[in-house]
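What follows is a single structure, written as structure tokens, with notes after it.
Bear in mind that the values in this text are calculations on the coordinates, not laboratory data. Keep in mind that this is a model prediction, so the values were computed, not measured. Because the Cβ atoms are built from the backbone with ideal geometry, glycine has one as well, and the counts that use them run over all protein chains shown.
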Amino acid sequence: FKGRLNPGYSEIVLGGLQNVFPRIVDARRIIIIGCGTSWHAALIAEYLLEEYARIPVEVEYASEFRYRKPVIYKDDVVILISQSGETADTLAALRLAKNEGALVLGICNVVGSSLARETEAGVYTHAGVEIGVASTKAFTAQMTVLTLFALKLAKEKSTISAKEFDVLVKELAEIPEKGRVILQQNHRIQEIAAKYKDAVNALYLGRGCLFPVALEGALKLKEISYIHAEGYAAGEMKHGPIALVDDNLPVVVVAPQDAFYEKIVSNIQEIKARKGNVIAIISEGDSGLGELADDLIEIPGSQPALAPLLAVLPLQLLAYHIAVLRGCNVDQPRNLAKSVTV
Ligand code: F1P
């Protein structure tokens, strides 16, 4: 269970998967399963694996997968993601897939957990102990492992050019420094939190692999501040959530300068036309949204596939500050358990 990024050599080593990698390369499809935050990491992986490794991917909640009668092939690879490695639904899904003869792999944070013991191979995220109930650094670590996995598989399957692979690996190594730059805006994010701490509802929007990041931002706010929040694919706004927009609704829009930029700007215009309050997560130095959005948080530029690793940080911080300002216990939110073992 070892993962190692070897910049300079443009090679990705995921030691824990070494013996089973030939089976992964030959897989018919990949099914990724998790609960809560781990499920959001799985959704991001679907974008990356299909784009780069050109393999069909299905993502499902463990709590659904375990109770229906899913079709599982012996040449499927089933990846179970869990911070704790003890989530009952995820373990039940693991056993179901294993019984059907699929290759079951784990991505988890707790060494020696049930998930690690029962899967055939896997990668530890080594994110350190998660003190808070709501998953944060484990999510970043899960995404990092899944990004490495997608790129390694793409390389083995020759579905990515050497140049594109090298650029992504190089930029991946720069992510920690870019993350530090985002954390320097902590005070600014705290000020934004003070403006919206009394909100009753909030909406989070994103496109592409930043759509699951919007889901995760909404989940963090719900979990620790008890504000009702919904995450949506920005293109779906006009199919329902737009009815909610008024001058009481904060809308967090993940809007870096990527291929969707024009579309997301037009989403922001639609929200502003209905007097919604827009908190935009923008690319560093993007002056275009200054006039339009109410509040801006900058993230350094990156390859679009790596943007989730950066964009989630201000959303986690925003939820944290709002929860603290509302007097909530951010480490032990009501009704939640670190490991949902029943
Ligand atoms: C899954 C999860 C977490 C959430 C909370 C309840 O846990 O839904 O994402 O933050 O802790 O459990 P895990 O399977 O990733 O340990």
Worksheet entry | Inter-label distance, nm, simple model (7 Å from Cα along the C-beta direction), LYS263/THR159 | 2.1 nm
Discussion item. Taking 8 Å as the Cα distance limit and 6 or more residues as the minimum spacing, I'd like the relative contact order of the chain as a percentage.
Written reply: 18 percent
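Net charge within 11 Å of ARG188 by Cβ-Cβ distance, Lys/Arg positive one each and Asp/Glu negative one each, not counting ARG188 itself?
-3
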Worksheet item: Which loop trypsin sites (Lys or Arg not before Pro) in the stretch 57-130, with loop taken from DSSP, have no more than 15 other Cβ atoms within 10 angstrom of their Cβ?
Response: ARG68, LYS74
Worksheet item: Under the Karplus relation 6.51 cos²θ - 1.76 cosθ + 1.60, θ = phi - 60°, what is the ordered set of whole-Hz ³J(HN,Hα) values for the stretch 122-128, x standing for Gly and Pro?
Response: x, 9, 7, 7, 6, 7, x
Response to the item:
Computed ³J(HN,Hα) along the stretch 19-31: with the Karplus parameters 6.51/-1.76/1.60, θ = phi - 60°, integer Hz and x for glycine or proline, the list is 5, 9, 4, x, 5, 5, 4, 8, 4, 6, 7, 10, 10
Worksheet entry | Estimated 222 nm signal from helices in the chain, with DSSP H stretches of n ≥ 4 weighted -39500 (n - 2.57), rounded to 500 | -13000 deg cm²/dmol
Worksheet entry | Within the stretch 37-110, chymotrypsin sites (Phe, Trp or Tyr not before Pro) in DSSP loop having at most 14 other beta-carbon neighbours inside 10 Å | TYR67, TYR73
Worksheet item: Looking at the chain, do any whole DSSP H helices span at least 24 angstrom along their long axis by alpha carbon and average 0.0 or above on Kyte-Doolittle, and which?
Response: 137-156, 162-183, 307-325
Worksheet item: Under the Kirkwood approximation for Rh and a Cα-based Rg, what ratio Rg/Rh is obtained for the chain?
Response: 0.96
Practice prompt. Enumerate the amide H contacts of GLU58 below 5 Å, restricted to partners 5 or more residues apart or on another chain; note that Pro and chain-start residues carry no placed amide H.
Written response: ILE30, ILE31, ILE32
Worksheet entry | Cross-link partners of LYS178 among lysines (Cα-Cα below 21 Å; sequence separation of 8 or more within a chain) | LYS137, LYS170
Discussion item. Under 28 Å between alpha carbons, and skipping anything fewer than 8 positions from LYS275 in its own chain: which lysines qualify?
Written reply: LYS195, LYS197, LYS220, LYS222, LYS238, LYS263
Worksheet item: Please state the relative contact order of the stretch 3-160 as a whole percent: Cα pairs under 8 Å, 6+ residues apart?
Response: 26 percent
Item to complete: Report the local net charge at ILE131: Lys and Arg +1, Asp and Glu -1, summed over other residues whose C-beta lies under 13 Å from its C-beta.
Response: 0
Worksheet item: Distance from the Cα centre of the stretch 97-111 to that of the stretch 248-285, in angstrom?
Response: 39 Å
Discussion item. In whole Hz and in residue order, list the ³J(HN,Hα) couplings for the stretch 250-255 that follow from phi through the Karplus curve 6.51 cos²θ - 1.76 cosθ + 1.60, θ = phi - 60°; x for Gly and Pro.
Written reply: x, 10, 8, 10, 8, 9
